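**Q** Provided herewith is a single structure, encoded as C-alpha cells, for subsequent inquiry.
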C-alpha cells in the first residue's frame, strides 16, 4: 500500500510518501506565494515512479495555518481523493506538531500553541495513548491570557510546544497520524475533510 500526505498550512510545501514497510520519502519546498503555481508539477515529480492508481489513501494538513495555503492544500487533496475514489484523512496541523514533540515512553499531555492573527493564538492539548493522539482540548483560537488560564486549570503536567514556521516539516507526522487511523479501520470520504481556519481572514 502507499499513502501520500500534503502540508500547505505554513509558508512551505511539505510532501511525504510511504509504503509503511520501511520506505518513506519526504521533502519541503519554500514556495510561499508561489504554491499554487508549482504544486501540481511538484506533486507529479514527487510521486514518480508511482502512478496515482497505486495509492491507498491521501492525508492533508487541514489547518490551522495560513488561510490561502491551507485552502489550496485541502482543495487539492479533496479533488485527488474524489477522482481516485480513495479515503482522505484530514489532520490538524497542531496535532502533527504535538506528535513530533512526543518523547519516547512519555505520557505527558502536549499543549501546542501557534501564533495567529490579531495577537491571538491557535491552541490545542493532546494526550498520547496506545491508539494515537487524543485531543483533550480541541483546536481553538484564544487570547494569550485565556490560554495561560486554561493551562493553569490543568491538574496534570503538560509539555508545552510552540509551533514555528517549519510546519511543513511535520508532514511526516501528518502521514503517520493518518496511517494510525487507517489501521484502526477508518476510511473517511473526501467530502468530510474541510479546512480549519480558526479565524476569519479579515478582522470583522
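**Q** Does the stretch 148-181 hold any residues that are within 30 Å of residue 2 (Cα to Cα) and touching a helix residue (DSSP H, G or I) at 6+ places or on another chain (Cβ under 7 Å), and which are they? Give the derivation first.
**A** Filtering the stretch 148-181 down to residues within 30 Å of residue 2 (Cα to Cα) leaves 163-181.
The answer is 163, 167, 170, 173, 174, 176, 177.
**Q** Give the number of residues within the stretch 126-185 that are free of Cβ contacts under 8 Å to residues at least 24 places away in the same chain and part of a helix (DSSP H, G or I).
**A** Qualifying residue count for the region: 6.
**Q** Can you list residue pairs whose Cβ atoms sit under 7 Å apart, with the first residue in the stretch 82-105 being without any contact (Cβ under 8 Å) to a residue 12 or more places away in the chain and the second being assigned to a loop (DSSP other than H, G, I, E, B) and surrounded by fewer than 22 Cβ atoms within 10 Å (Cβ to Cβ)? Count only pairs 6 or more apart in sequence or on different chains.
**A** Going by the 7 Å Cβ cut-off, there are no qualifying pairs.
**Q** Right, next: Would it be correct to say that residue 117 is surrounded by 13 or more Cβ atoms within 10 Å (Cβ to Cβ), out of contact with any strand residue (DSSP E or B) (no Cβ under 8 Å at 6 or more places or on another chain), outside any helix (DSSP H, G or I) and at pLDDT below 95?
**A** Working: surrounded by 13 or more Cβ atoms within 10 Å (Cβ to Cβ): yes; out of contact with any strand residue (DSSP E or B) (no Cβ under 8 Å at 6 or more places or on another chain): yes; outside any helix (DSSP H, G or I): yes; at pLDDT below 95: yes.
In short, yes.
Yes/no matrix, rows are residues, columns are (1) surrounded by 13 or more Cβ atoms within 10 Å (Cβ to Cβ); (2) in a strand (DSSP E or B); (3) modelled with pLDDT of 95 or more:
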position	(1), (2), (3)
5	yes, yes, yes
21	no, no, no
27	yes, yes, yes
34	no, no, no
42	yes, no, yes
45	no, no, yes
59	yes, yes, yes
65	yes, no, no
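The values are calculated or read from the model by the stated rules, or taken from the named source; none is laboratory data. Source: prediction; values computed, not measured. Cβ coordinates were reconstructed from backbone atoms using ideal geometry, including for glycine residues, and neighbour counts include every protein chain displayed.
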